[in-house]
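A short worksheet on the structure shown next.
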């Protein structure tokens with residue numbers, strides 16, 4: 001079982017008059033098979049938090065502690081744009097992030113490509129795929145290292161509504177089957193309510209303002225009354241915190 | 001577009017295809033050439049068949065440029081020039097890549113070299129040829145090789161520097177987030193992202209270095225293709241001047257078709273082809289809006305007159 005502990009996390013960019021606070025004393029404790037969404041307005045430090053957790057950026061102060069079942073495991077990451085190597089085939093893109101280049105790794109990559117319905121596209125280059133397919137490859141890549149923890153940074157925001165919806169369903173299925181701890185950044189409250197057990201609300205200046213538990217059964221249909229009510233509650237919270245204006 | 005989708009398009013008749021236009025071009029040139037010859041009626045301006053006859057005699061060693069010591073036929077001249085070209089090109093590539101990498105990585109190194117690179121770029125090849133001729137004298141290989149290096153190296157430096165500046169940060173971040181080791185990142189991210197720029201550097205260094213080299217052979221050497229052109233110029237033989245220039249063009253085209261294009265094809269097969277344009281890496285450069293490369297284009301145009 002994976003656990004993410006964040007204590008007094010603080011991050012600033014720039015110095016003097018240019019100083020910008022991206023995250024202010026964030027404390028978090030996330031454990032087990034949960035899907036946690038991080039919502040908030042642009043520039044509230046959502047992506048910065050993921051970048052620090054994944055090691056792309058370093059914190060100004062505070063500690064981050066990620067415990068996973070296998071000690072040498074690396075968290076998976078799905079980015080806003082797919083970030084595939086354009087000069088490598090789809091299969092090679094998945095193999096690029098594997099620790100070993102053996103048959104076992106290849107079979108595992110193939111299994112996750114099958115899971116995102118791109119099993120027959122392994123030898124294509126990313127440029128030959130549509131935006132939705134590329135994002136699917138990005139998802140398969142993150143799952144293919146079989147991490148306990150998965151970070152996702154607005155992975156569906158570049159896609160059209162229909163593609164995004166079908167990918168959300170696929171993602172939910174994969175999360176259910178693989179029992180991962182997912183940290184999912186989004187600015188779409190509806191998406192957060194549809195997918196998550198917990199929603200963390202961030203405000204401008206990188207403050208964690210609220211931690212909402214969404215206690216509804218899966219799968220959730222956005223047109224369901226209960227889901228619509230939950231979405232309205234989160235939006236009301238946004239209004240209380242004056243986040244909609246920003 | 002996939003290959004299957006391209007094959008399903010209706011077939012275009014031969015005369016409307018780009019390949020037909022390509023074949024038409026040399027025919028049009030020869031027709032215009034004859035027209036000018038008949039209109040001028042000059043003994044100095046010779047018709048195509050005389051030039052081709054001259055070229056045939058050179059190829060079959062019917063004629064020789066001089067008796068006695070030293071290189072005297074087409075193959076020897078050509079061999080000398082090609083050896084000089086490859087030597088100058090190799091040095092320009094190695095030194096230029098090192099300086100370009102350093103300029104791309106460090107602002108201080110960039111500030112140190114920038115003005116000098118621009119100065120070398122702005123200097124006409126003719127001036128290098130005259131200067132190197134004075135320094136090294138007309139014997140030996142030094143003046144042509146140095147001219148080739150000086151003409152080509154700024155293009156290598158600028159292209160490599162732009163390549164380093166355009167490395168895809170988001171892909172490096174992705175690799176780091178997945179904990180990929182550095183040597184694997186270098187092989188799979190850094191080098192492939194530099195490839196289009198290195199290819200552009202190779203092409204520029206070759207074509208511009210070649211011009212610098214020949215000008216140096218005209219003014220500062222007693223052998224090579226440039227010297228042969230000068231020889232026929234002094235003899236008032238247009239066929240010799242044009243004939244040797246055409247050998248030259250044939251070599252450049254052969255190099256492009258037999259070496260650069262297949263290499264580019266292999267290295268950039270991941271890029272979807274744009275229409276019938278074979279030079280995919282240049283399209284990539286335009287996508288990346290490399291100002292340096294555009295500057296370079298202009299300078300190439302200016303220098304070919306030198």
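Hey, can you tell me all the residues within the range A:133-168 that are touching a strand residue (DSSP E or B) at 6+ places or on another chain (Cβ under 7 Å) and farther than 22 Å from residue A:89 by Cβ? Residues satisfying the conditions are A:147, A:148, A:149, A:150, A:151, A:152, A:153, A:154. In the range B:262-273 there is no residue that is modelled with pLDDT under 85, more than 14 Å from chain A (Cβ to nearest Cβ) and touching a helix residue (DSSP H, G or I) at 6+ places or on another chain (Cβ under 6 Å).
When A:38, A:66, A:56 are checked against the criterion of being under 17 Å from the mean Cα position of the chain (by Cα) and free of Cβ contacts under 8 Å to residues at least 40 places away in the same chain, a single residue qualifies: A:56.
Cβ-Cβ distances below 6 Å connect the following pairs, each with a first residue in the range A:130-149 that is over 19 Å from residue A:172 (Cβ atoms), a second residue that is in a strand (DSSP E or B), and a separation of six or more residues or different chains: A:145/A:76. In the range B:58-74, the qualifying residues are those that are surrounded by fewer than 15 Cβ atoms within 10 Å (Cβ to Cβ) and closer than 17 Å to residue B:242 by Cβ, and the one that is modelled with the highest pLDDT is B:59.
In summary, helices (runs of 4 or more DSSP H) completely within the range A:71-172 and bearing 3 or more residues that are touching a helix residue (DSSP H, G or I) at 6+ places or on another chain (Cβ under 9 Å), away from chain B (no Cβ under 11 Å) and farther than 24 Å from residue B:271 by Cα occur at A:103-115. Look at (1) on the phi > 0 side of the Ramachandran plot; (2) touching a helix residue (DSSP H, G or I) at 6+ places or on another chain (Cβ under 7 Å); (3) at pLDDT 90 or above and you find that residue A:23 fails only one, number (1). Residue count for the range A:173-189 satisfying the condition of being over 14 Å from the mean Cα position of the chain (by Cα) and outside any helix (DSSP H, G or I): 1. Scanning the range B:165-184 for residues that are surrounded by 15 or more Cβ atoms within 10 Å (Cβ to Cβ) and at the interface with another protein chain (Cβ under 10 Å from one of its Cβ atoms) turns up B:168, B:171, B:172, B:173, B:174, B:175, B:176, B:177, B:178, B:179, B:180. Considering the conditions (1) surrounded by fewer than 20 Cβ atoms within 10 Å (Cβ to Cβ); (2) within 13 Å of chain B (Cβ to nearest Cβ); (3) in contact with a helix residue (DSSP H, G or I) (Cβ under 8 Å, 6 or more places away or on another chain), residue A:68 is excluded by exactly one of them, (3).
Among the residues making up the range A:52-65, none is loosely packed, with under 14 Cβ neighbours inside 10 Å and within 10 Å of chain B (Cβ to nearest Cβ). Within the range A:195-220, the set of residues being touching a helix residue (DSSP H, G or I) at 6+ places or on another chain (Cβ under 7 Å) and without any contact (Cβ under 8 Å) to a residue 24 or more places away in the chain comprises A:214, A:216.
Checked against the criterion of being touching a residue at least 24 places away in the same chain (Cβ under 8 Å), buried (at least 23 other Cβ atoms within 10 Å of the Cβ) and under 13 Å from residue B:213 (Cβ atoms), the range B:92-106 has at least one qualifying residue.
Here residue B:169 meets each of (1) under 30 Å from residue A:74 (Cβ atoms); (2) modelled with pLDDT under 90 with one exception, condition (2).
The values are calculated or read from the model by the stated rules, or taken from the named source; none is laboratory data. Remember, it's a predicted structure, so these values are computed and weren't measured experimentally. Here Cβ is always computed from backbone atoms with ideal geometry, including for glycine, and neighbour counts include all displayed protein chains.
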